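Remarks on the structure that follows.
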Amino acid sequence: MKKIAIYPGSFDPITNGHLDIIIRAAKIFDKLIVAVVRNVNKKSFLDSKIRVQLIKDVVKNLNNVCVKEFDGLLVNFVKANKANVVVRGLRAVSDFEYEFQMALMNRKLYPEFETLFIASSEKFAYLSSNIVKEIYNLNGKIDCLVPEPVANYLKSLKNQK
Ligand code: ADP
């Protein structure tokens, strides 16, 4: 049986920290599905279609990784894709409480559901999509924080203004 895992998140936008988790998780599983949460409200920075497109571009050389959009309950998406493992990245202690709560709740909703936590690499432990957005909005350099297609896309947005 193929080992299929889901890596869910907003990826608004995908950062080098996310990419590091994707590369490491792809080595553990036969197939990794990066699941992008669709815009539940208008609060996201980039539209989900753009977020999906950027991730596809970033992972194009990783053969066992694909990208999908989803909404609704994660357990339903997990079942529909015949997966039973969800990968989450863990940065400092700040991620732990929320992640632990989600993992337990998901297992309550679907007992076969397992959450695999991958510890962030040291160099990305401080990195989040929110920090990238803040730096970008203040005209700071984001090239070393996000994959190249994302940096290029964000720069093109600024040039349109
Ligand atoms: P959310 O699910 O809260 O929208 P994100 O889209 O920001 O979160 O991130 C998706 C997953 O990636 C989460 O498990 C988050 O902890 C993890 N993650 C985000 N940034 C990093 C990073 N720099 N290093 C490791 N894991 C990360």
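The values are calculated or read from the model by the stated rules, or taken from the named source; none is laboratory data. If you're wondering where the values come from, they're calculated on a predicted model, not measured in any experiment. Cβ sites come from the backbone with ideal geometry, for glycine too, and all protein chains shown count toward neighbours. Accessible surface areas use protein heavy atoms only, side chains included; no ligands, DNA or RNA. Shrake-Rupley method; radii C 1.70, N 1.55, O 1.52, S 1.80 Å.
Annotations
- Set of the range 47-69 residues, backbone N closer than 18 Å to the point 7 Å along the Cα-Cβ line of Cys144: none
- Contour excess over end-to-end distance, with Cα ends at Ile50 and Met102 and 0.36 nm allotted per residue: 16.1 nm
- Relative to the current alpha-carbon distance between Glu114 and Asn84, full extension at 0.36 nm per residue lengthens the span by 10.2 nm.
- Taking the Cα centre of the range 4-160 as reference, the dipole from Cβ charges on Lys and Arg (+1) and Asp and Glu (-1) amounts to some 340 debye.
- Rolling a 1.4 angstrom probe over the protein heavy atoms with all chains in place gives the chain an accessible area of 60 Å² per residue.
- Peptides 56-68, 131-143, 26-38 ordered by packing proxy, namely the average of other Cβ atoms within 10 Å per residue, highest first: 26-38, 56-68, 131-143.
- Estimated FRET transfer efficiency (Ser156, Asn130; beta-carbon r; R0 22 Å; 0.05): 0.55
- Calculated FRET efficiency for the pair Ile23/Ala92, C-beta based, R₀ 25 Å, to 0.05: 0.75
- For the set Asp12, Asp47, the ranking by accessible area, highest first and with no ligand, DNA or RNA atoms included, is Asp47, Asp12 under a 1.4 Å probe.
- Accessible surface ranking that places the most exposed of Glu148, Glu114 first, with a 1.4 angstrom probe: Glu148, Glu114
- Three-way shape label, the range 38-98, alpha-carbon gyration tensor, a/c 1.5: rounded
- The figure for Val150 is an accessible area of roughly 0 square angstrom, using a 1.4 Å probe on the protein chains alone.
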